[in-house]
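Please read the structure below before turning to the comments.
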Amino acid sequence: MNVDVISIAREDICENIKDSVIILDSKNRILYLNKIAKKIFKSFKNLFLGKPITEILINYKSYFKNLSKIHEKRTKINLKGEKKYGMVIKPVLFENKKFIGRVVLLRDLTEKEKTNRTMHYRIKFENLIATLSKNFLNLELDNIENGIDDALEKIGKFTDTDNSYVCVLKNCKVKAAKSYEWCNKGINPQLNNIKKSIVSKIPWWVSKLNKFETIRIPDVSKIETGKKDLRKLLLSQEIKSIITVPMILNGALIGHLGLTAVRKKRIWTEDDEKLLKIVGDIFTNILERKHAEEEVKYLLLKDNLTGLYNRSYFEEEVKRLDTKRQLPLSIIIGDVNGLKLVNDAFSPKEGDRILKKTANVLKSCCRKEDIIARWGGDEFSILLPNTTEKNSEVIINRIREKCQKTTDQKIPLSISLGTSTKRDYKCNIKTVVKEAEDRMYSRKLLERDSISSSIISSLETTL
């Protein structure tokens, strides 16, 4: 019994391959479709046999015009909506000479395209994270805020959203102490009220953040009635969709990072959340570094006992403010009276209490812009920009009166003070400091007898 093995094998192969196979005659009429091709064009049933292929590939008639009888043609086409196929049209030659028809192969590229898009996104994602990490790694303390602004712009553009923001909480509380924001072109700032808002008025939001959970709201207008305060707040800022992730440091909530959609609603993806969490960790690390560096800077600039600036900082500020714009520039030098006697009679602990009390008096009698420093062991100095000598004398009298009214000490609170003012820019600032110091010592000599008598009287009373 003779069997056409080759024909059967060919048909078996055509029916089991994953690509669609369509065989045409020399006039591009359909002779055969395998089962994959029949699934694609199932709406035609069997009516397509003998019909021109352009009846099932209506939008691609031009591809079958002037086709070469020797060379194959490759292209991409869309079928069934968004499905993309790679199409190969190959001529069939009898005995490699005579053209007798064509074979059309259709390969579904949808999954491949999806995989390629995923890979492309992943590469861009990883490059973005690497760029942000590198930028923050090399960032100076003073430029951290600019770095955060730049990072928000990058993640906003990467996610193709309208707005990206970060809120840093004050002392791990629900009140936002600082917020940073990037807005896409044509979008007005949406979160100006965030740092003014007491988020504790929105218990659901706070609860989610405190549980370290992501907040995803694809449609703000559909927020449940029980969360009307949240809906009202977001709608007042024209936000249609929002996603927020918590920023966590040492098991505590320190802020939250998010994206908002203003122009149209947005379905937030796992990739959006993943990106925000990684960037949130980067922000957390850089803010922790900033805090640590500020602590070090504080320790370098501040006096540990009184909390005032130290002498090194004061001398740097004298150089910085020694300009025409700051004239007249006044300096007050003060020396606490009887501190050695207090230390000997009551212990250094009581002496420290005197110094801290004096520092508080000085702070209460000066302006915010004035620079107050602990000049030495029992000496203090005050730098007064744009202050005449007359006004600096007013401040001195204010300090003396405040000391006299401070009655909760074992001995009277007393400090000798001297001042001097630089009026002419050509005058050496060191001369001004020396003059203020000399006047302070002169005052100390004048007050020595009364101060000693007052301290001895207090000691007798205490004993």
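The values are calculated or read from the model by the stated rules, or taken from the named source; none is laboratory data. In this text, all values refer to a predicted model and were calculated from it rather than measured experimentally. To get the accessible areas, we keep the full protein, side chains included, count just its heavy atoms, and leave off ligands, DNA and RNA. Shrake-Rupley method; radii C 1.70, N 1.55, O 1.52, S 1.80 Å.
Assuming a ≥ b ≥ c are the square roots of the Cα gyration tensor eigenvalues, decide whether region 283-380 counts as rounded (a/c under 1.5), prolate (otherwise, with a/b larger than b/c) or oblate. The partial results should precede the final answer.
Numbers: a/c = 2.58, a/b = 1.25, b/c = 2.06.
Taking the square roots of the gyration eigenvalues as a ≥ b ≥ c, region 283-380 is oblate.
With every protein chain kept in place and ligands, DNA and RNA left out, what is the accessible area per residue of the chain? Probe 1.4 Å, answer in Å².
Heavy-atom SASA per residue in the chain reads 59 Å².
Under a cut-off of 17 Å between alpha-carbon atoms, report the lysines in cross-link reach of LYS265, not counting same-chain residues fewer than 8 places apart. Hits, sequence-local ones excluded: LYS157, LYS222, LYS232, LYS240.
The calculated 222 nm mean residue ellipticity attributable to helices in the chain amounts to -14500 deg cm²/dmol, summing -39500 (n - 2.57) over DSSP H runs of n ≥ 4 and dividing by all residues. The portion of the accessible surface of the chain made up by carbon and sulfur, rounded to a whole percent, is 52 (1.4 Å probe; DNA, RNA and ligands excluded). Maximal additional length on extending the THR115-ARG423 stretch stands at 103.4 nm, based on 0.36 nm per residue less the C-alpha distance.
Cross-link partners of LYS51 among aspartates and glutamates, defined as those whose alpha carbon lies under 13 angstrom from its own and excluding same-chain residues fewer than eight positions apart: ASP25.
Sequence-ordered 3J(HN,Hα) estimates for region 61-78 from the Karplus curve with 6.51, -1.76 and 1.60 and θ = phi - 60° stand at 4, 5, 5, 9, 8, 6, 6, 5, 8, 10, 9, 7, 10, 10, 7, 10, 9, 10 Hz, glycine and proline given as x. Applied to region 389-399, the Karplus parametrisation 6.51 cos²θ - 1.76 cosθ + 1.60 on θ = phi - 60° returns per-residue 3J(HN,Hα) values of 5, 4, 5, 5, 5, 4, 5, 4, 4, 5, 5 Hz, with x for Gly and Pro.
Accessible area per residue (1.4 Å probe, heavy atoms of protein chains only) ranks LYS319, LYS363 as LYS319, LYS363, with the largest value leading.
Among the lysines, which fall within straight-line cross-link reach of LYS363, defined as a Cα-Cα distance under 19 Å, with same-chain neighbours fewer than 8 residues apart omitted? Filter leaves LYS302, LYS402, LYS405.
With the convex hull of its Cα atoms as the shape, the chain has an orientation-averaged projected area of 41.5 nm². Over the chain, Cα pairs under 8 Å with separation of 6+ residues give a relative contact order of 9 percent.
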